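Okay, so here's the structure we're looking at.
The values are calculated or read from the model by the stated rules, or taken from the named source; none is laboratory data. Only a predicted model underlies this, so the values are computations on that prediction, with no experimental measurement involved. Note that we place each Cβ from the backbone using ideal geometry, even for glycine, and neighbour counts take in every protein chain shown.
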Amino acid sequence: MSGTVGEFFGGSGRRIRDVIWGDVPTDRSVRALLETQAMQRLASMNQLGLTFAAFPRARHTRLDHAIGTYHLASLTLKRIVDTGAYLEDRDVQGALAAALLLNVGRYPYSGAIEGIALPGAPSFKELSRRWIEHTEVAKVLRSDWDLEPHNVFRLVSRGDTPPRGLTPTEHLLRDILFGPLDVGALDCLVRDGRGARVPFGLVEPLPLIEHLRIVGQENRAVLTLDEEGAGPLQALIFSRYLVHSNVYGHHALRIPTVMFLRAVQDAVQEGTVTFDKLSEQDDAGAFVLLEDSSKPESSTAVLMKRLAEREPYHLALQFDERHPGYDPLIRLRDDASWRRRVEEAWSRYLTRYRKGVAGPFDILIDLPERQVFPVDLRVIRRSPLPGERNPVGWQSLSGMSTDDSARFHAPLHRITIATANEDLTNAVRRHAEELFTIAREVG
């Protein structure tokens, strides 16, 4: 390891003050990347999205999160190098640049826009590639970091299919960034939990990082924990559950999110806004773009006005996959047009049969993203159980089977139904079974 890379591990005298992690060491190359337009856009994007109704004090930005992710990545890299793993300078630099750029491809209010399943929408992966390879970021990576932009993109690229020909080192670095360790999620859990003032369940990442080990398996360097890391791992699992349940799934956050989703969807389908144009904006720019492009009294205009005036819709129902209404609705997740047809069919039904008065966008359905909660970090036990081989998995450590884990996480996959007024809320609750039947019939 060279002295240059050593600066990333605390040798530099330059610091950025972070409200979560304190003084974060930086150097000239880090500051050059932070000053690009791509990263400054993140400084004007709220990490939690439309938080005004649920967590008004949660004002931390995606740039704050990027700096936190960079810091945790630096600590992790230092830890595994200190334990004897060999990483070249270029590998460390690439991982740290990737940590800063991990979410550079996010849309403004990405929790809403990335949930719109419409053809032609550039994916998070594609937008990340554009920002990293075709903007000022590429120039800075070459001149200040001595890195090829495409190699950095290979480290941040997420999706169903990983990049071809990943080296063992690239696999390891991706495992750190968003795989089994997932320093991005670790920073989110702490930063979002504290920003939302959640009084319980906050994980402490540093004890987890301190117990990391590298073992060789099938020509791969695999992240594991020593036995003392089992406690921090358990804390991580339960913290993740609590923050997802009480922050990310909170109805007062989900309702403004689905309102914004429908406003964007209608604007895109009417041709007044494009996903490409939205992807260039920060939060304020997205609001202005939607407000300026929408016709008066259109669904987009009405929804954006209510959001701007902080008048969210009302909660009618919220339920998870154990509810009988879950199956007819969750299938709408991958087709935004189908979901809108169901919303409009519900409004017509309640109005036609005098069960309520509803316009075509007065009932909205918020569907949970397709998400699993794996525990891929394994633990090296001093005395494995009979028949076990180190490192052991979460199932052995916790005693929970795959089915147990699925049941444990079931309450996190919640559907939220929101309405424009209290009368309509009551109508939806009274006639829920009829509405679920309609959802089954709408094609």
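On inspection, LEU412 passes the criterion of being within 30 Å of GLY229 (Cβ to Cβ) and either among the acidic types (Asp, Glu) or touching a residue at least 60 places away in the same chain (Cβ under 8 Å) (or both). Within the stretch 233-287, the residues that satisfy the criterion of being of a type in the set (Ser, Thr, Tyr) and part of a helix (DSSP H, G or I) are SER239, TYR241, SER245, TYR248, THR257, SER279.
Between LEU236, LEU202, LEU225, the distinction of being modelled with pLDDT of 95 or more and in the same structural domain as GLY165 (by TED's automatic domain parsing) belongs to LEU225 only. Given the structure, is LEU48 touching a Leu at 6+ places or on another chain (Cβ under 6 Å), of a type outside the set (S, T, N, Q) and crowded, with 21+ Cβ neighbours inside 10 Å? Taking the combined requirement at face value, the residue does not satisfy it. Whether a residue is basic (Lys, Arg), buried (at least 20 other Cβ atoms within 10 Å of the Cβ) and in contact with a Leu (Cβ under 9 Å, 6 or more places away or on another chain) was assessed, and ARG378 passes this test. For ARG331, the conditions (1) farther than 23 Å from GLN265 by Cβ; (2) out of contact with any strand residue (DSSP E or B) (no Cβ under 8 Å at 6 or more places or on another chain); (3) not polar (S, T, N, Q) are fulfilled apart from (1). Is it the case that ARG220 is closer than 25 Å to LEU42 by Cβ and at pLDDT below 95? Against the criterion (closer than 25 Å to LEU42 by Cβ and at pLDDT below 95), ARG220 does not qualify. Applying the set (1) more than 30 Å from the chain's Cα centre (by Cα); (2) in contact (Cβ under 8 Å) with a residue 12 or more places away in the chain to ASP376 leaves exactly one unmet item: (1).
Is it true that ARG164 is out of contact with any His (no Cβ under 8 Å at 6 or more places or on another chain) and at pLDDT 95 or above?
Here the answer is no, as ARG164 does not meet what is asked.
For the stretch 115-154, the candidate set comprises residues that are under 18 Å from LEU42 (Cα atoms) and free of Cβ contacts under 8 Å to residues at least 24 places away in the same chain; within that set, the residue that is surrounded by the most Cβ atoms within 10 Å (Cβ to Cβ) is ALA138.
Could you look through the stretch 310-329, keep only residues that are touching a residue at least 40 places away in the same chain (Cβ under 8 Å) and closer than 10 Å to ALA439 by Cβ, and pick out the one that is surrounded by the most Cβ atoms within 10 Å (Cβ to Cβ)? If we take residues in the stretch 310-329 being touching a residue at least 40 places away in the same chain (Cβ under 8 Å) and closer than 10 Å to ALA439 by Cβ, then LEU329 is surrounded by the most Cβ atoms within 10 Å (Cβ to Cβ).
Only residues that are farther than 22 Å from ARG79 by Cβ and under 20 Å from the mean Cα position of the chain (by Cα) were counted across the stretch 10-57, and they come to 20.
The residue of the stretch 330-353 that is surrounded by the most Cβ atoms within 10 Å (Cβ to Cβ), among those that are part of a loop (DSSP other than H, G, I, E, B) and of a type in the set (Lys, Arg), is ARG333.
Taking the options VAL357, VAL372, name whichever one is modelled with pLDDT under 90 and closer than 30 Å to PRO205 by Cα.
Exactly one of VAL357, VAL372 is modelled with pLDDT under 90 and closer than 30 Å to PRO205 by Cα, namely VAL372.
Residue count for the stretch 305-325, restricted to those that are over 23 Å from the mean Cα position of the chain (by Cα) and in a helix (DSSP H, G or I): 3.
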